[in-house]
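Data block below; observations after.
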Amino acid sequence: MRLLSGSLRRAALTLGGLALGALALGALVAAALAFLSNHAQFAVWLLVPFFLVRALGLSPTAHAVELFRQRLAARGVIPIAEAGKRRDRSRLRLAGLAVSIQHPMTAKNFVFIALEDETGMINVTVRPQVYAAHRAILHRHPLLVIDGTLQVEGEVLNVVATRLHPVDAVIAEDERETRLPLSKQQRLFR
């Protein structure tokens with residue numbers, strides 16, 4: 001099914017080309033000014049996003065979790081917007097970008113994470129024992145899968161984390177199960 005007729009499609013492509021042309025001109029001017037003011041490294045960083053979008057077709061508007069959503073859903077991970085439809089104290093599994101990690105000195109070693117995906121943001125509370133067990137994961141991996149219990153207070157949602165996983169480890173769970181054990185792999189190559 002065609003969404004636009006031929007003339008409308010040509011007009012949209014022309015307007016899109018003009019917008020990309022204006023973006024390119026703006027990026028080139030900003031890069032030239034940065035280069036002239038002895039900030040060559042900054043000039044490169046101004047041009048990289050434009051060339052990624054133009055040459056590779058990557059979208060700067062897609063959220064990182066959105067790229068993994070289908071594979072995460074197959075592993076029981078729900079979008080943050082779906083958490084609002086769940087009941088208080090229900091168990092859930094969420095994935096998102098750890099936008100903010102706070103470890104206030106007055107919070108008795110509790111850690112607070114603002115977790116964001118393509119559908120919204122939610123507060124995550126990490127107890128001291130869970131933080132001690134998963135500290136390395138929390139600080140090394142910005143994309144996390146969090147298993148926890150939902151707390152609902154009026155319209156405010158909070159998740160008390162019981163486990164933290166990197167997104168790539170959760171996605172690779174099924175792949176690990178289908179691989180041969182290491183001892184069998186070694187026997188194959190002797």
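The values are calculated or read from the model by the stated rules, or taken from the named source; none is laboratory data. Because the structure is a prediction, the values reported are computed rather than measured. So basically every Cβ, Gly included, is an ideal-geometry build from the backbone, and we count neighbours across all protein chains shown.
Answer yes if at least one residue in the range 112-129 is outside any strand (DSSP E or B), at positive phi and surrounded by fewer than 15 Cβ atoms within 10 Å (Cβ to Cβ), and no otherwise.
No, that holds for no residue.
Looking at the structure I just gave you, is L138 over 13 Å from the mean Cα position of the chain (by Cα), closer than 14 Å to V167 by Cα and among the aliphatic types (A, V, I, L, M)?
Criteria met by L138.
Kindly evaluate R93 against the criterion of being modelled with pLDDT of 95 or more, part of a strand (DSSP E or B) and crowded, with 17+ Cβ neighbours inside 10 Å.
When the stated conditions are applied, R93 passes them.
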